[in-house]
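Pasting in a structure now, in structure tokens, and then I'll have a few things to ask.
All of the numbers you see were taken from the coordinates with simple rules; none came from a lab. Since we're looking at a predicted model, the values are computed, not measured. Please note: Cβ atoms are built from the backbone with ideal geometry, for glycine as well, and neighbour counts cover all protein chains shown.
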Amino acid sequence: MRKAIIVGNWKMNGTVGEAVHLVAELKSLIGDVSDVEVAVAPPFTALSAVSREIRGSNVRLCGQDVFWEKEGAYTGEISASMLKDLECHFVILGHSERRQFLGETDEWVCKKIMAALDIGIHPIVCVGESLDHRDSGRAFSIVEEQIRGCLGRLSAGDMETITIAYEPVWAIGTGKTATPEQAEEMHHKIRGILEDTFGRDTARKVRIQYGGSVTPDTIGDLMKQPDIDGALVGGASLKADSFARIVKFNEK
Ligand code: PGA
């Protein structure tokens, strides 16, 4: 059985004070929830303070990106050991906003995955097609290319520690969630690619999250799909109340 995983991606939002306040509120709202793995990804500036605030709780810490080199003259970058030092358990890699605005490629994502794995941080690897790709019938081939480009060189053992986030670009921050059926169709395809590459056992163990305008109202039906194992939540994770309702989708 794959344990559900819900991660809040706070993106470039909030001061340190706001971040601590948000996570403190979240902790008290979700209580001792244990059937769902919960994590938050604050901006780098708030990682340290949020890390202290969640110590000993059931909320894990997630970085929003990492650089592949271990240290040195890479102005503006953050290494995997720096994230580990702050007790990051996960790191989001290859988010479509980084692909779109910062030129992130599958090759880079692959190097970042290696750097994270090397130090024991679990990558959450984002893939997803644009509206153009979907309208021209290329959604599956684009996602397959991303999966093979980012993950193709991993061993089956490494693959089992990775989470994939399927985030159709047209659904991110737009209020347009993919229908549960649309999302399931892609998740099923992704699991098929994993099976083809890493074998059935591994494919069954890998968690695949859906991301793109997830709200407390849409999470329930998404989670009923057999290949949807959780959500990567942007906008709705910036309010403790809505994120907590997403985490507690089972209690509806
Ligand atoms: P959204 O963002 O929930 O605001 O659409 C999701 C994401 O980009 O991870």
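If contacts are Cα pairs under 8 angstrom and at least 6 residues apart, what is the relative contact order of the chain in percent? Present the calculation step by step, with values, prior to reporting the outcome.
Working: 483 pairs, mean separation 53.2, N = 252.
About 21 percent, as a whole number.
Here's something else I'd like to know. Restricting to bridges with both residues inside the chain, how much of the DSSP beta-bridge set is antiparallel, in percent to the nearest 5?
0
Could you give P(r) for the stretch 81-224, binned at 10 Å from zero, as whole percent values over all Cα-Cα pairs?
11, 42, 36, 10, 0
OK, next. Cβ under 14 Å from residue 107's Cβ, residue 107 left aside: what net charge do those residues give with Lys, Arg +1 and Asp, Glu -1? It would help to have the intermediate numbers written out before the result.
Values: positive: 98, 99, 111, 112, 148, 153; negative: 104, 106, 145.
Taking every other residue near residue 107 into account, the sum is +3.
What is the magnitude of the charge dipole of the chain about its Cα centre, with +1 placed on the Cβ of each Lys and Arg, -1 on the Cβ of each Asp and Glu, and no other charges, expressed in debye to the nearest 20?
Using Cβ point charges on Lys, Arg, Asp and Glu, the chain gives about 340 debye.
Let me ask you something else. At 0.36 nm per residue, minus the direct Cα-Cα distance, what do residue 75 and residue 217 gain on full extension? Give it in nm, one decimal, please.
47.0 nm
With the cut-off at 27 Å, tell me which of the pairs 3/70; 112/189; 70/248; 3/27 have Cα atoms farther apart than that.
3/70; 70/248
With a ≥ b ≥ c the root eigenvalues of the C-alpha gyration tensor of the chain, is it rounded (a/c under 1.5), prolate (a/b larger than b/c) or oblate?
rounded
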